[in-house]
1. Is it the case, given these coordinates, that Q166 is among the polar types (S, T, N, Q) and either surrounded by 19 or more Cβ atoms within 10 Å (Cβ to Cβ) or in contact with a His (Cβ under 6 Å, 6 or more places away or on another chain) (or both)?
2. Failed condition for L171, given (1) in a helix (DSSP H, G or I); (2) assigned by TED's automatic domain parsing to the domain that holds G248; (3) surrounded by 14 or more Cβ atoms within 10 Å (Cβ to Cβ), with all others met?
3. Report yes if R159 is of a type outside the set (V, I, T), within 23 Å of A97 (Cα to Cα) and within 15 Å of the chain's Cα centre (by Cα), otherwise no.
4. Being touching a residue at least 12 places away in the same chain (Cβ under 8 Å) and within 21 Å of the chain's Cα centre (by Cα) is the filter here; which residues of region 135-152 pass it?
5. So is M94 surrounded by 12 or more Cβ atoms within 10 Å (Cβ to Cβ), part of a helix (DSSP H, G or I) and touching a strand residue (DSSP E or B) at 6+ places or on another chain (Cβ under 7 Å) or not?
Amino acid sequence: MSAAHVRRGAGARSRPRKSAKVSVPKKIAKRLPVDQARANKVAGLVLAAFLLAIALVVVVALDIPAKTERAAAAAMGHAGFTVSGYQIVGISHMNRAIVDDIVTDEMKRAADAGGTAKAPQALLDVAAIRDRLLQFGWVKDARVSRRLPDTLVIDIVERTPAALWQNQGQLALIDADGVVLDRVPVTQMPDLPLLIGPGANAQARGLAKLMAAVPTLKPQLASATWIGGRRWDLSFQSGETVALPEGGDAARSGLVKFAKLDKDSGLLGRGIVRFDLRVPDKMIVRLPRAPGESIAPPAAEGG
């Protein structure tokens with residue numbers, strides 16, 4: 001019996017495969033102001049951007065870049081690229097132990113992060129060391145660098161002490177800009193000008209300019225008290241106090257005139273208690289109390 005042959009009609013043709021491309025539904029595509037091919041392309045780009053965003057989130061969540069960097073740095077550490085020691089230069093006044101603590105802390109952190117006995121060079125954060133050093137008053141600037149093969153160099157630029165600042169019963173060294181460098185015991189006070197009162201440290205540079213205008217008085221200055229946040233009372237080694245007016249120009253003019261009178265007539269060293277220069281073109285003098293004179297309460301200081 002011969003096999004029967006089934007003849008397929010035109011309507012029984014096999015259906016074409018669906019395209020793997022992302023397509024926009026026809027009903028929606030008809031309403032779009034673009035053709036079908038362009039709409040499909042846009043849809044594909046949107047899907048690709050979405051998948052890329054998901055991939056980035058996964059990479060960040062798993063901390064892949066940081067882990068890769070740490071692994072590479074650890075490999076370099078195992079290969080011998082480590083920091084075995086460090087050198088500190090530029091210290092004259094600052095306590096070296098402070099620098100030692102900062103550097104050793106960072107070296108230990110880098111070694112722990114790399115899983116090595118010594119700190120891998122690639123994991124040692126020299127910027128972090130510098131930032132911590134700059135938090136101390138003595139440090140004006142700091143440079144931290146690697147010296148091959150295995151040494152770290154810490155080069156410190158110290159501030160220069162310019163005066164002492166007494167405030168609320170405490171003494172501190174300050175530089176010319178009034179930056180507090182360190183606390184100073186009364187028994188170890190250096191031979192520097194003494195500034196007294198709240199905010200006096202911020203006026204250190206202005207006082208230095210003021211005294212530079214009177215070179216004959218500058219060596220005799222014992223202390224300067226910042227009064228009311230507005231003006232200076234200058235105390236000299238011979239025991240007198242000179243009350244200056246407010247304002248830089250007025251204070252400088254009054255002090256220059258006083259210096260000239262002192263040079264010509266010898267005002268200082270005569271036992272006068274106080275010279276008040278706050279009234280323009282006048283000098284009010286307070287004499288010492290005579291023997292047997294009653295002690296009257298002093299008039300309130302108005303600044």
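The values are calculated or read from the model by the stated rules, or taken from the named source; none is laboratory data. This one's a predicted model, so the numbers in the text were calculated from it and none came from an experiment. Neighbour counts are summed over all protein chains in view; Cβ atoms, including those assigned to glycine, are modelled from backbone coordinates with ideal geometry.
1. Answer is yes for this residue.
2. (1)
3. Yes; evaluated as a whole, the condition is true for this residue.
4. Within region 135-152, F136, G137, W138, V139, K140, D141, A142, R143, V144, S145 meet the criteria.
5. The answer is no for M94.
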